[in-house]
Amino acid sequence: MTAGTLVRDLACIDCGATYPTGYRLECEKCRGLLELRYDLGEMRRRGPALLSGTGLWRYAAVLPVEDPAHRVSLGEGGTPLLSCPRLAARLGVRRLLVKYEGSNPTGTVKDRTSATAVSAALQFGFGATSVVSSGNAGSSIAAYSARAGLRSLIFAYERASAPKLLHMASTASDLVLYRGVYDDLIGLWDRLVEERWFFDCGASRNPYKHEGKKTLAYEIAEQTGWRPPDVLVAPAAVGETFIAAARGFREMREAGWIERAPVMVAAQAARANAITRAFRDGGPIAPLKIGYTVAEGLAAGDPGRKGDWVLRLLREQGGVAGDAEDEEILEAQRLLARTEGIWAGPTGVATLAVLVRLLADRRLDPAQTICLVVSETGLKTEAGAPSREATAFDEDSLRRLVRERLGR
């Protein structure tokens, strides 16, 4: 444990080997993934009173950045937890909450991980960052790297939406478009990570990056008076958000801050559903060769070792996995906007589309309180754009249209 944080060590999730905190991406003994561990006894002794400030860094005590001077911020975190009574009534759910991450600085939940990743890059003395991205991660890492004064080498999906590409081009030191999908490049890029040309800001291994999303769980718990919802539906591509949220709830439960953790639901696009298939079939994950999905942030056919971690958590903790087709995701996007006024991107509303399916299949109890993580704004996507056909009006035609539309 060091000043300003209760972080204690790194531990392998497979063999249990422990290491002092430092820039380490996998276990030396078995190559397992690592997770950061904290002084739960001190958390129990001090309780939530140890939290101070606002936003993501309110939870600095349970984040791994030791020196406050290294904590990079654009004002992320502190996002709204919205009660959605009209949508709940439409779905037949007793209570429905939306944790809306589109209000983060670059419009995505990934700002949480960018904050801790870039801060850790400073902590460990790196001069550059890099990530392979379908869009949101690239624009977020580029923005936070610029904020920290670091170079960023961003590899972006060639079919990423124009707003995301514009954002990346404006903030990244170097932007390179790649052909194919995420899975086609990530293995090659991972080899360069080992050579330490840049700080690893990818979703596959770095424990310092995914730690930022753990604050989702802490915020939801605090916003519900330390009585979290019965169910949390989180998006899962390689599983970073799902794992981080599950870990946050586990820490709080073990420290006595909450009595129970929510049932975790992993939400995937049907075109990139390797985790869901394995969960349904009862076997290991089989990587998929995938094409395009409107949920760009979920476009991972091979979730790798993090996907295995998600599957383990689902099975050990009695979780649920589900998927939704692109058409269902776009319908969920319209439904959320028209019933509750929340305009989210396809990746963000995949959780709602999956919830609709799970309720129809009676795999979730509608009498519970259910929380959806809606991970992105809709302002960065072109999917489902309306027709631009326009009408010229005179006073009579305008009056007639108003009567027709409003029924008077």
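Here, each number is a calculation from the coordinates, and none is a lab measurement. Every value quoted in this text rests on a predicted model; they were computed, and no experiment measured them. In this analysis, Cβ positions are derived from the backbone assuming ideal geometry, glycine residues included, and neighbour counts consider all displayed protein chains.
Some points to look at:
- The residues listed here are Arg271, Arg305; of these, the one that is farther than 15 Å from Leu358 by Cα and touching a Leu at 6+ places or on another chain (Cβ under 7 Å) is Arg305.
- Residue pairs meeting the criteria (Cβ under 7 Å; at least 6 apart or on separate chains; first on the phi > 0 side of the Ramachandran plot, in the stretch 27-54; second in a helix (DSSP H, G or I) and loosely packed, with under 14 Cβ neighbours inside 10 Å): none
- The number of residues in the stretch 353-367 that are over 19 Å from Ala300 (Cα atoms), touching a residue at least 40 places away in the same chain (Cβ under 8 Å), in contact with a strand residue (DSSP E or B) (Cβ under 7 Å, 6 or more places away or on another chain) and not in a loop (DSSP other than H, G, I, E, B) comes to 2.
- Against the test of being in contact with a Lys or Arg (Cβ under 8 Å, 6 or more places away or on another chain), farther than 18 Å from Glu240 by Cα and part of a helix (DSSP H, G or I), the options Ala120, Ala60, Ala49 yield a single qualifying residue, Ala60.
- When the stretch 149-173 is filtered for residues that are assigned to a helix (DSSP H, G or I) and either surrounded by fewer than 17 Cβ atoms within 10 Å (Cβ to Cβ) or touching a residue at least 40 places away in the same chain (Cβ under 8 Å) (or both), the ones remaining, listed by number, are Ala162, Pro163, Lys164, Leu166, His167, Ala169, Ser170.
- Residue in the stretch 115-141 that is nearest to the chain's Cα centre (by Cα), counting only those that are over 12 Å from Cys201 (Cα atoms) and surrounded by fewer than 24 Cβ atoms within 10 Å (Cβ to Cβ): Ser134
- Selection of the stretch 374-393 for residues being among the aliphatic types (A, V, I, L, M), outside any loop (DSSP other than H, G, I, E, B) and surrounded by fewer than 24 Cβ atoms within 10 Å (Cβ to Cβ) yields only Leu379.
- Pair list, Cβ under 6 Å, 6 or more apart: the stretch 180-201 residue assigned to a helix (DSSP H, G or I), other residue β-branched (Val, Ile, Thr): Leu185/Val132; Ile186/Val132; Trp189/Val132
- The residue that is surrounded by the most Cβ atoms within 10 Å (Cβ to Cβ), among those in the stretch 25-60 that are under 21 Å from the mean Cα position of the chain (by Cα) and within 23 Å of Gln223 (Cα to Cα), is Leu56.
- When Val176 is tested against (1) in a helix (DSSP H, G or I); (2) over 22 Å from Gly348 (Cα atoms), only condition (1) is not met.
- Test: Glu211 is in contact with a Pro (Cβ under 8 Å, 6 or more places away or on another chain), crowded, with 22+ Cβ neighbours inside 10 Å and part of a helix (DSSP H, G or I): yes
- Tyr144 being over 23 Å from Lys380 (Cα atoms) and either surrounded by 18 or more Cβ atoms within 10 Å (Cβ to Cβ) or of a type in the set (Asp, Glu) (or both): no
- When the residues of the stretch 76-90 are filtered to those that are touching a Leu at 6+ places or on another chain (Cβ under 7 Å) and surrounded by 15 or more Cβ atoms within 10 Å (Cβ to Cβ), the one that is farthest from Arg147 (Cα to Cα) is Ala88.
- Residue count, the stretch 47-73 (criterion: among the hydrophobic types (A, V, I, L, M, F, W, C) and out of contact with any strand residue (DSSP E or B) (no Cβ under 8 Å at 6 or more places or on another chain)): 7
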